[in-house]
Amino acid sequence: MKKKIILVLLASMLASQTTACSVNLTKSAESTQLRSGQYEIDANKQVKKLAKYKKIPVTIDNSKYQMPEGYVEQQFETVIKNQGLDKVEVKDHDVVRDNDIVKVDYTGYLNNKKFQGGEATDVLIDVAKNSDATSGTGYIEGFTNGLKGAKVGSTVSSKVTFPANYSQKTLAGKETTFKFKVKGIYNIINKDQVTDEMIKEKFGSTYGVNSVAELKKTISDQLESNIKQSKYQEKMNTVKDYVVKNSDIKIPKDYLNARVREYQEAFKKENCKGTTLEKFFKKNNTSLKDVKKQWVKFEKEQISFELAFTKIANKEKIKVKSDERSRYIQNLMSGSNGLFKKENDLYKYFGAGNVKEGKKYINMLLRAQVAADKVVSYAEVTEK
């Protein structure tokens, strides 16, 4: 498929939460209640009237999808810094001079004991300015004194007395010792000094990018791809909303309730332990009642999409190809942040613990999405 809808259901359930919670769902434990996968929902019957889905008008404002001025150069510079290519190790001397940039590991000691916040590794220090060479942040007076004249590979110390008004009370006014392991002497370079050889060494074997020009083209191509995907998603959202809005869709109440109940169960299982949902949402300035309204609204929208586009899939006689299904499953698994380690984990998740029902649901969802892609291909798109 050209583009898949990002499952709001999956994204919502996987959203990280700051607090854990639990809830006693007495009704969900009753054997009389069916799982959503136990319902036989016929899209042809539930969609009483289907919107005219061919030649849906879609207008795209291209001004929203322009490459920002200077974007490639900015991203190139960011990549260079993130990959450590903005510094070159000095080879003509190995004893630290007053104006050198030095890479060190350091540890601070108070009364011969390490203190909290006093350690760092692979820090670049501007000796002359007594500051971090990357951020420019200054250090306490005397911090870099021990580095002057130190040899690469050696360990040296500096005596540092913290100011009396220092924010960390345990260090305020105290004399401490910082020990430095000197790891190298470096020159900081700007992005225009980065060479093809440096790019090839860093990215050649792994990514096949062997020059500055190739890296910049890769950055540009990636943005173009992102823009293309965003434009396609806007088309998808437009046709999806149009079809649902202009169709008459009847959702069985019991089925909707089952979906909402399973949504809540999944939310609880993924995010909650140690408190109640009521307390959890109160802490986040809302209520379980209000959140349930949102869940119901979402499920109505999601089920409407599934029913309408399943009916379109039936009319279009759509059959999902095996490679489309494999890619879809793989995308769901890889985007789950490790939640789905095996394919059956995915099916259990979307089948409320039942593999067969989860597989059936995923297959239906994929077929509906293939139909949505087909409707996008029929759309009358105007770009301005």
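The values are calculated or read from the model by the stated rules, or taken from the named source; none is laboratory data. Values in this document were obtained by computation on a predicted structure and should not be read as measured data. Please note: Cβ atoms are built from the backbone with ideal geometry, for glycine as well, and neighbour counts cover all protein chains shown. The area values use the complete protein model at the heavy-atom level, side chains included, leaving out ligands, DNA and RNA. Shrake-Rupley method; radii C 1.70, N 1.55, O 1.52, S 1.80 Å.
Some points to look at:
- When the Gaussian network model of the chain links Cα atoms closer than 10 Å, the mean-square fluctuations of L171, L346, L277 top out at L171.
- Stretch gain in nm, segment Y207-K181, where the contour uses 0.36 nm per residue and the Cα spacing is subtracted: 6.0 nm
- Positive-end residue of L277, S326, S336, charge dipole of the range 269-348 with Cβ unit charges: L277
- Shape of the range 219-374, Cα gyration tensor, a/c cut at 1.5: rounded
- Rounded to the nearest 20 debye, the dipole size of the chain about its Cα centre is 2260 debye, using +1 on the Cβ of Lys and Arg and -1 on the Cβ of Asp and Glu.
- Shape category assigned to the range 89-161 from the gyration tensor of Cα positions, a/c cut at 1.5: prolate
- Per DSSP, loop chymotrypsin sites (Phe, Trp or Tyr not before Pro) in the range 147-209 with at most 14 further Cβ within 10 Å: Y166
- Out-of-range pairs (alpha-carbon distance over 31 Å; input K91/K200; K235/K356; K240/K348; K297/K359; K240/K282): K235/K356; K240/K282
- Computed about its Cα centre, the charge dipole of the range 46-186 is approximately 1100 debye, with only Lys, Arg, Asp and Glu carrying charge at their Cβ.
- Within the listed set A150, A368, A266, the residue fluctuating most in the Gaussian network model of the chain (springs between alpha-carbon atoms under 10 angstrom) is A150.
- Spatially proximal aspartates and glutamates relative to K317 (Cα-Cα < 17 Å; intrachain offsets below 8 disregarded): D42, E306, D373
- Overall, the accessible surface of the chain at a probe of 1.4 angstrom is composed of carbon and sulfur to the extent of 47 percent.
- Most positive-pole-ward Cα, G149, V355, V212, against dipole of the chain from beta carbon charges: V355
- Radius ratio Rg over Rh of the chain, counting only Cα atoms, Kirkwood formula for Rh: 1.12
- Projected-area mean, the range 272-327, by convex hull of Cα positions, square nanometres: 6.3 nm²
- Rolling a 1.4 angstrom probe over the protein heavy atoms with all chains in place gives the range 336-384 an accessible area of 50 Å² per residue.
- Within the range 275-322, trypsin sites (Lys or Arg not before Pro) in DSSP loop having at most 12 other beta-carbon neighbours inside 10 Å: K317, K319, K321
- Within the range 266-342: Cβ-based charge dipole about Cα centre, in debye rounded to nearest 20 (Lys, Arg +1; Asp, Glu -1): 220 debye
- Rounded to 10°, Cα long-axis angle of helix 71-82 versus longest principal axis of the chain: 60 degrees
- Note that the range 291-384 carries a Kirkwood radius of 14.8 Å, evaluated over its alpha carbons pair by pair.
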